[in-house]
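The values are calculated or read from the model by the stated rules, or taken from the named source; none is laboratory data. Only a predicted model underlies this, so the values are computations on that prediction, with no experimental measurement involved. Cβ placement follows ideal geometry from the backbone for every residue including glycine, while neighbour counts extend to all protein chains displayed. Ligands, DNA and RNA are excluded from the accessible area calculation, which covers all protein heavy atoms including side chains. Shrake-Rupley method; radii C 1.70, N 1.55, O 1.52, S 1.80 Å.
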Amino acid sequence: MSWGTDLWDQFENLDKHSQWGIDFLERYAKFVKERLEIEQTYAKQLRTLVKKYCPKRSKEDEPRFTSCLSFYSILNELNDYAGQREVVAEEMGHRVYGELMRYSQDLKAERKHHLQEGRKAQQYLDQCWKHMDNSKKKFERECKEAEKSQLIYERLDNDINATKSEVEKAKSQLYLRQHMAEESKNEYAAQLQNFNSEQWKHFNVAIPQIFKNLQDMDERRTVKLGEMYRCFAEVERRVIPIISKCLEGMVTAAKNVNERRDSGIVVESFKSGFEPPGDFPFEDFSQNIQRTGSDGTIGTPKMEGGKPDPKHAVSRTKNKLWLFGKKPKAPTLEDLSHLPPEQRRKKLQHRIDELNKELQKEMDQRDALNKMKDVYEKNPQMGDPGSLQPKISETICNMEKLRSEIHKNESWLAEVEGKHGSRSERRASADVNHHAPHGRESPEGSYTDDHSQEHRSPPQPDPHEFDDEFDDDDPLPAIGHCKALYSFDGSNEGTLVMKENEVLYVIEEDKGDGWTRVRKQGGEEGYVPTSYVEITLEKNSKGAVTYI
């Protein structure tokens, strides 16, 4: 089928159809544009969502639970998925929408050119028709004039009254009109022949060629649309393998969730290293009751003045145990002694590892500077070796500082590891002594004492000094004494102010969190840092254990 032969007389309809084809192509381009805008918005919203649920945090605050790590892996995969949606939008914009808009402009220019040629051919044919029509009308008019002149000549020729001159004049006029009619006839015949020739060329050559060009243009437009449809789908299909990998990564992250490991991490994160508190001892409030001889029982020795010895009194505590109550807020110390032993050990180990990394960096930098200095010494034109000496000295100084820090932290680590082992041994000994007859222990089960044994401790103040305090509430027994190595301001709740060289009673040992509970001679109680005092604990009156 050819538009030139089958649609030779449908110029206006082909004009409208070609315009509709371009409009349809631009409509599809608009569809692609809106489609890629949806992809861009979708990708942007996905990235915003990922950013919202994956906040920036330091490495120490990063969760180690498998459920959290898997969730963050899913967020990373979703971020990659959003990137692929952006790739789809970019490819659609470049390979489909941009190509369609460029092709649309080319089609418009080509269509305009073909239609202009068609209109020019039609205008030329119309002009030829006008020339032919004018010559036809002239020929018709000349023929009528010639017929009129012939009638006039015949009337005068038959009129006996007409003069010879009038007849001759009419005759010459007849000849003139006949000649003009003959010339008009020849001109009309020439114009008619020319018009027929041009009309044949118009409908058999010019118009078919123009319409064929329009047909080729429209078919190319149709082919282009098919290619763009396929390209549109190819853009999507090209990212499917990567999207599939993202989805597989999400599935793998889901499989990596391990409830056992998460439970172990909870234990590892919060394990304090403390032993559970021991049994509370029996508190005998009948010691001060006088018994008669007929009771047949041995009375409990009566304390002098009817008051219990503050060093041996076993009673309820004024404050709740930390297991059930709120600990005093501990100040952050450089040696991390405010932390439980297990947490302190981990923090110190982590700090040592970080310091070793920094030390290795400084050593690498020192080696690089020394190599550069050697190069400068061998090739002075490359640089001054002396200019590197300040940097080398600074690096060496940094290395010494780091080594000092590492040694200090390693000593703290060795202290906490050795201290934790010795506490375990003392805990086992306390458990055995807990069942000894006439024994006494602290509420935490860490100390056992016998009434019949003598305490070895520094001279204690007169117990009667504390009578007023004991009338209100019985204090914990003193299990040793300590000497303040440094001053402590005791600004936090539950802590106690102490001055350097001040002697205090120890009423509760350090449980591994870096704090020791003490009592002043005035009866005031509170917690002080264990590292700030020199402690002497009394154990079965056979010796003293000293902690510094």
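Numbers for the structure displayed
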quantity	calculated
Qualifying positions in segment 231-279 - within 24 Å of Glu90 (Cα to Cα) and basic (Lys, Arg)	Arg237, Arg238, Lys245
From Gln199, Gln215, residue being in contact with a Gly (Cβ under 9 Å, 6 or more places away or on another chain) and closer than 30 Å to Arg111 by Cβ	Gln215
Some residue of segment 104-119 being over 57 Å from the mean Cα position of the chain (by Cα) and either under 30 Å from Lys169 (Cβ atoms) or in contact (Cβ under 8 Å) with a residue 60 or more places away in the chain (or both)	yes
Residue in segment 300-310 that is modelled with pLDDT of 80 or more, open to solvent by less than 50 Å² (accessible area, probe 1.4 Å) and either in contact with a strand residue (DSSP E or B) (Cβ under 9 Å, 6 or more places away or on another chain) or hydrophobic (A, V, I, L, M, F, W, C) (or both) present	no
Criterion violated by Phe280 - all others in (1) open to solvent by 50 Å² or more (accessible area, probe 1.4 Å); (2) assigned to a helix (DSSP H, G or I); (3) aromatic (Phe, Trp, Tyr) satisfied	(2)
Exclusive hit being open to solvent by less than 70 Å² (accessible area, probe 1.4 Å) and under 30 Å from Lys347 (Cα atoms), set Lys401, Lys408	Lys408
Subset of segment 393-407 (residues that are farther than 15 Å from Lys361 by Cα and in contact (Cβ under 8 Å) with a residue 12 or more places away in the chain)	Glu405
When residues of segment 239-255 are limited to those that are more than 21 Å from the chain's Cα centre (by Cα) and surrounded by fewer than 14 Cβ atoms within 10 Å (Cβ to Cβ), the one nearest to Leu100 (Cα to Cα)	Ile240
Residues (open to solvent by less than 20 Å² (accessible area, probe 1.4 Å) and under 46 Å from the mean Cα position of the chain (by Cα)) located in segment 496-526	Asp510, Gly512, Asp513, Gly514, Trp515, Thr516
Strands (runs of 3 or more DSSP E) completely within segment 492-548 that count 2 or more residues being among the charged types (D, E, K, R) and at pLDDT 85 or above	515-519
Breaking point among (1) at pLDDT 80 or above; (2) farther than 25 Å from Leu537 by Cα; (3) assigned to a loop (DSSP other than H, G, I, E, B), for Ile289	(1)
Hits in segment 172-218 - residues which are of a type in the set (Ser, Thr, Tyr) and either crowded, with 19+ Cβ neighbours inside 10 Å or under 60 Å from the mean Cα position of the chain (by Cα) (or both)	Ser184, Tyr188
Residue pairs meeting the criteria (Cβ under 8 Å; at least 6 apart or on separate chains; first in contact (Cβ under 8 Å) with a residue 12 or more places away in the chain, in segment 347-375; second outside any helix (DSSP H, G or I) and crowded, with 17+ Cβ neighbours inside 10 Å)	Leu348/Leu336
Total residues in segment 256-271, condition surrounded by 12 or more Cβ atoms within 10 Å (Cβ to Cβ) and either of a type in the set (Phe, Trp, Tyr) or modelled with pLDDT of 95 or more (or both)	0
First in segment 477-499 and in contact (Cβ under 8 Å) with a residue 60 or more places away in the chain and under 19 Å from Gly523 (Cβ atoms), second anywhere and polar (S, T, N, Q) and open to solvent by 10 Å² or more (accessible area, probe 1.4 Å), Cβ under 6 Å, 6 or more apart	Gly480/Thr536
Candidate set from segment 127-151 (those that are free of Cβ contacts under 8 Å to residues at least 40 places away in the same chain and open to solvent by less than 70 Å² (accessible area, probe 1.4 Å)); member that is farthest from the chain's Cα centre (by Cα)	Ser149
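Condition check ((1) open to solvent by 70 Å² or more (accessible area, probe 1.4 Å); (2) part of a helix (DSSP H, G or I); (3) at pLDDT 95 or above; (4) closer than 29 Å to Gly98 by Cβ) across all residues:
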| residue | (1), (2), (3), (4) |
| --- | --- |
| Met1 | yes, no, no, no |
| Gly4 | no, yes, no, no |
| Asp9 | yes, no, no, no |
| Ser18 | no, yes, no, yes |
| Ser58 | no, no, no, no |
| Asp61 | yes, no, no, no |
| Arg64 | yes, no, no, no |
| Cys68 | no, yes, no, no |
| Ser73 | no, yes, no, no |
